[in-house]
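Notes to accompany the following structure.
The values are calculated or read from the model by the stated rules, or taken from the named source; none is laboratory data. Small disclaimer: the values here were computed from a predicted structure and weren't measured. Positions of Cβ are generated from backbone atoms using ideal geometry, with glycine treated the same way; all protein chains shown enter the neighbour counts. Side chains are part of the model used for accessible areas, which takes the heavy atoms of the whole protein and leaves out ligands, DNA and RNA. Shrake-Rupley method; radii C 1.70, N 1.55, O 1.52, S 1.80 Å.
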Amino acid sequence: MVRVKAFAPASVANVACGFDVFGFALEQPGDVVEILLNDTGEITIKEITGDQGLLPRHVDENTCSVAMRQFLKSLNLSTGVEISLHKQLPLGSGMGSSAASAVAALVAINHAVQNPLTRKQLLPFAVEAERIACGTAHADNVAPSLLGGFVLIRDKATLDIISIPVPEELHAVVVHPHIEIRTSDARQAMKKMISIDDAIKQWGNAAALIAGMMKSDYELIGRSLEDVVAEPVRSIFIPGYQQVKQAALQAGALGCSISGSGPSLFALCKNQEVAKHTAHSMTEAFNRIGLTSDQFISTINHEGAKILND
Ligand code: HSE
């Protein structure tokens, strides 16, 4: 009997100036998927825990089973699989929850059938699963969750993914206020057109953020964490957004913006001490407007998803 358990981490997509093209993985939290192969030829979902009954149990609608079915089909494998999903990531939080589930499922099934595909070859299945979850196939959560690190998606169609080195001491803070924003709604809110001035600002910042990461230039990283495309539209849906962002900057964070499609905010900090102070200040700022939240502090996770029971 083949039984495999895999973990896939949360991720921060967009990273301010890189809408749909930047993302990085956190060490924790993450989702765990456990699978058991059988000879029924069917994929079934045995249980989902930690989602308060909110995720779809139907195999056509769950990102784990959808990703896994496409994987098995492409390899012409007819094995049956029983899935247990243990959600540790909050739903609709902007921390790559649906991505982590799909990635953990893919890494588990690939391992269970002796790793016929590389990590990069698993990506298209995870991206397709994102389409089921939020209506658009974007890769800026699945790529970091699967591959680890800070990634740049140069081209979505060909999944041309580039890993960007980051300063070793760089810490991320993610603060998740207890409200939910659906990625599909946040994407609907985006403007279909932006001005040439905004485009120039955004690609200047995007290029500079990558340069800052590669040169370990904290000042440059801080200056580049600016988003004139998504933040002006989406921050309106996050109560206390400006206060929480100001609290992060005053606490010494290099920059602060929306994590993925929100409502979580992320901040980047030059070391753990500043990160702790920043997380505390952001949480306090949410408290002041009556919103409870969870905070996560992490270095950039370079490993990505992993097998838990080898
Ligand atoms: N790039 C995506 C978006 C990430 O912002 O809609 C969703 O987490």
* Which one is nearest to the ligand (Cβ to nearest atom) among residues in region 133-155 that are more than 20 Å from LEU26 (Cα to Cα) and buried (at least 16 other Cβ atoms within 10 Å of the Cβ)? -> CYS134
* Filtering region 15-52 down to residues that are open to solvent by less than 10 Å² (accessible area, probe 1.4 Å) and in a loop (DSSP other than H, G, I, E, B), which residue is nearest to ALA67 (Cα to Cα)? -> ASP51
* Restricting region 158-183 to residues that are away from the ligand (no atom under 16 Å from the Cβ) and out of contact with any strand residue (DSSP E or B) (no Cβ under 7 Å at 6 or more places or on another chain), which is most open to solvent (accessible area, probe 1.4 Å)? -> GLU168
* **Residues that are touching a strand residue (DSSP E or B) at 6+ places or on another chain (Cβ under 6 Å) and either under 12 Å from ALA16 (Cβ atoms) or surrounded by fewer than 21 Cβ atoms within 10 Å (Cβ to Cβ) (or both), drawn from region 211-222** => GLY222
* Scope region 223-257; condition open to solvent by 20 Å² or more (accessible area, probe 1.4 Å) and of a type in the set (S, T, N, Q); matching residues -> GLN242, GLN243, GLN246, GLN250
* Asked: Can you find even one residue in region 136-143 that is outside the structural domain of ALA207 (by TED's automatic domain parsing), in contact with a His (Cβ under 6 Å, 6 or more places away or on another chain) and in contact (Cβ under 8 Å) with a residue 60 or more places away in the chain?
  -> no
* Structure fact -> Expected single match for among the β-branched types (Val, Ile, Thr) and surrounded by fewer than 24 Cβ atoms within 10 Å (Cβ to Cβ) among THR63, THR79 is THR79
* Taking region 17-50, which residues are within 19 Å of GLN295 (Cα to Cα) and either of a type in the set (D, E, K, R) or in contact with a helix residue (DSSP H, G or I) (Cβ under 8 Å, 6 or more places away or on another chain) (or both)? -> GLY23, PHE24, ALA25, GLU27, GLY30, ASP31
* To do: Being on the phi > 0 side of the Ramachandran plot and open to solvent by 60 Å² or more (accessible area, probe 1.4 Å) narrows it down to one of GLN114, GLN121, so name that one.
  => GLN114
* Is it the case that some residue within region 296-310 is within 16 Å of the ligand (Cβ to nearest atom), within 19 Å of the chain's Cα centre (by Cα) and at positive phi? -> no
* Structure fact -> Scanning region 239-258 residue by residue, those more than 13 Å from the ligand (Cβ to nearest atom) and either part of a loop (DSSP other than H, G, I, E, B) or among the hydrophobic types (A, V, I, L, M, F, W, C) (or both) turn out to be PRO239, GLY240, VAL244, ALA247, ALA248, LEU249, ALA251, GLY252, ALA253, LEU254, CYS256
* Could you list, in sequence order, the residues of region 91-132 that are within 16 Å of the ligand (Cβ to nearest atom) and under 14 Å from ILE48 (Cβ atoms)? -> LEU91, SER97, SER98, ALA100, SER101, ALA102
* Inside region 264-310, can you point out the residues that are free of Cβ contacts under 8 Å to residues at least 24 places away in the same chain and small (Gly, Ala, Ser)? -> GLY290
* Asked: Going through region 184-203 one residue at a time, which ones are open to solvent by less than 40 Å² (accessible area, probe 1.4 Å) and either in a helix (DSSP H, G or I) or outside the structural domain of LYS245 (by TED's automatic domain parsing) (or both)?
  -> SER184, ALA186, ALA199, GLN202
* Check whether at least one residue in region 273-294 is under 21 Å from the mean Cα position of the chain (by Cα) and assigned to a strand (DSSP E or B), and report yes or no. => yes
* **The one condition in (1) modelled with pLDDT under 95; (2) surrounded by fewer than 19 Cβ atoms within 10 Å (Cβ to Cβ); (3) within 16 Å of the ligand (Cβ to nearest atom) that HIS58 fails to fulfil** => (3)
